[in-house]
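Read through the structure below, which is laid out as structure tokens, and then see the notes.
The values are calculated or read from the model by the stated rules, or taken from the named source; none is laboratory data. The structure displayed is predicted, hence computed values, not measured ones. Here the Cβ is made from the backbone with ideal geometry for all residues, glycine too, and neighbour counts use every protein chain on show.
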Ligand SMILES: [Zn+2]
């Protein structure tokens, strides 16, 4: 009987596996010990049975049970997996490991390689220090450095994962035994999916003097989908839960910088504007988000675009206004993290700021309010917001209330026979009557106005095509019934009584 790699992961217990190599001491729901991978005097190596991972807060190394064995025994991940599966009596069928699983293993090992390379590179380390990224953050995110030359290719070759890594297009084959790492000489930041697997990298150049782009990202691949993942979500998810909200920033370094300042519930899009899928993804982890973009016109525009998507995803959105010309890093450097936290927590919710009108004039606010209101999916919430806006600003309800177009269409389809006759009659007969005296549904009233004005094109097809004999007679009957909706029932009751009388007689 053979197993695949996911099955093997499920069957292994990380505490059992690591206990065979190291003495583990229980602390709360986790275990800890001295790290075997760096000189460690205080126990900084933690094992989490609930998440089935290990992580060293001294050197940053981390992963699952198989990876621990691979590192400890100095073999490849696949060899370690094979050994462990044999011990369990269910030898792993290597050919059953899918292409994507192998690509993910290769990305994970590349990330380890970069992380270790950073430890040996003084100038990259100094660059990160200058940018205000502290050691704890570097380790949490496994920030690394891509050395020039073919070292990464050699490393992955030894791991048996070179071919798999080439599929990511992060490494390009130039000639036999000659590879180019697209991140060469850059600080490398691993990008993880929400369950923590490395799926790609972002690379920042450390010398702004050369003419290459400041940032580059992994190309799209079978495992790296920019539209569908958020940077920092895996690292921030527990903090988002604790704080009850997320902070959305523009770039990777904003996330790392704020994390270094103790603000850890922070995520960013992947080098592009926020996407619909990313907004949806975030809404699975929290219902409230603070948008913290640069304090310039471009930042304000991006913040508005992002807010639209976030509102549509059902989130409560707060837009944080940084002073003109500041980005989050500059603001923190000048004013400290405490002031930024204050600024964040005092930022009003988007709808309430439009309702209470701190900044703009009423006309502008109505326009913006309507735009955002149309994005709210929940009808009850939409109605409540519209009512609040109108009460607060003393404007009529229909200034801001408009049924979404699809809804209007649905209502048109639901016209009753009576309503259709009524509308057709108005259109054909143009009777001289006061609509306000007739109880009508909102939508029918609108259509009635159109009919009286002769705006045929506004009326639905099932009114226009309605064929009624003697419309001039039926119309007045219908009108009578509409004006006195109670009478019909009474009349019918009388009819019934009459019939009964007849029967009795
Ligand atoms: Zn360590």
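Structure notes:
- Close pairs from the stretch 156-185: first on the phi < 0 side of the Ramachandran plot, partner in a loop (DSSP other than H, G, I, E, B) and surrounded by fewer than 20 Cβ atoms within 10 Å (Cβ to Cβ), Cβ under 6 Å, at least 6 apart: 159/76; 168/221; 170/182; 179/150; 184/148
- Candidate set from the stretch 286-302 (those that are closer than 23 Å to residue 225 by Cα and surrounded by fewer than 22 Cβ atoms within 10 Å (Cβ to Cβ)); member that is modelled with the highest pLDDT: 286
- Verdict on residue 86 being on the phi < 0 side of the Ramachandran plot, free of Cβ contacts under 8 Å to residues at least 24 places away in the same chain and either within 16 Å of the ligand (Cβ to nearest atom) or surrounded by fewer than 19 Cβ atoms within 10 Å (Cβ to Cβ) (or both): yes
- The set of residues in the stretch 461-486 being part of a loop (DSSP other than H, G, I, E, B) and surrounded by fewer than 17 Cβ atoms within 10 Å (Cβ to Cβ) consists of 465, 467, 468, 469, 470, 484, 485, 486.
- Among the residues of the stretch 374-391, those identified as part of a helix (DSSP H, G or I) and surrounded by 16 or more Cβ atoms within 10 Å (Cβ to Cβ) are 382, 385, 386, 389, 390.
- Wholly within the stretch 229-285, helices (runs of 4 or more DSSP H) carrying at least 2 residues that are surrounded by fewer than 22 Cβ atoms within 10 Å (Cβ to Cβ): 233-243, 276-283
- Scope the stretch 9-45; condition touching a strand residue (DSSP E or B) at 6+ places or on another chain (Cβ under 6 Å), more than 29 Å from residue 90 (Cβ to Cβ) and more than 13 Å from the ligand (Cβ to nearest atom); matching residues: 25
- Checked against the criterion of being modelled with pLDDT of 95 or more and under 21 Å from residue 138 (Cα atoms), the candidates 57, 37, 45 yield just one match: 45.
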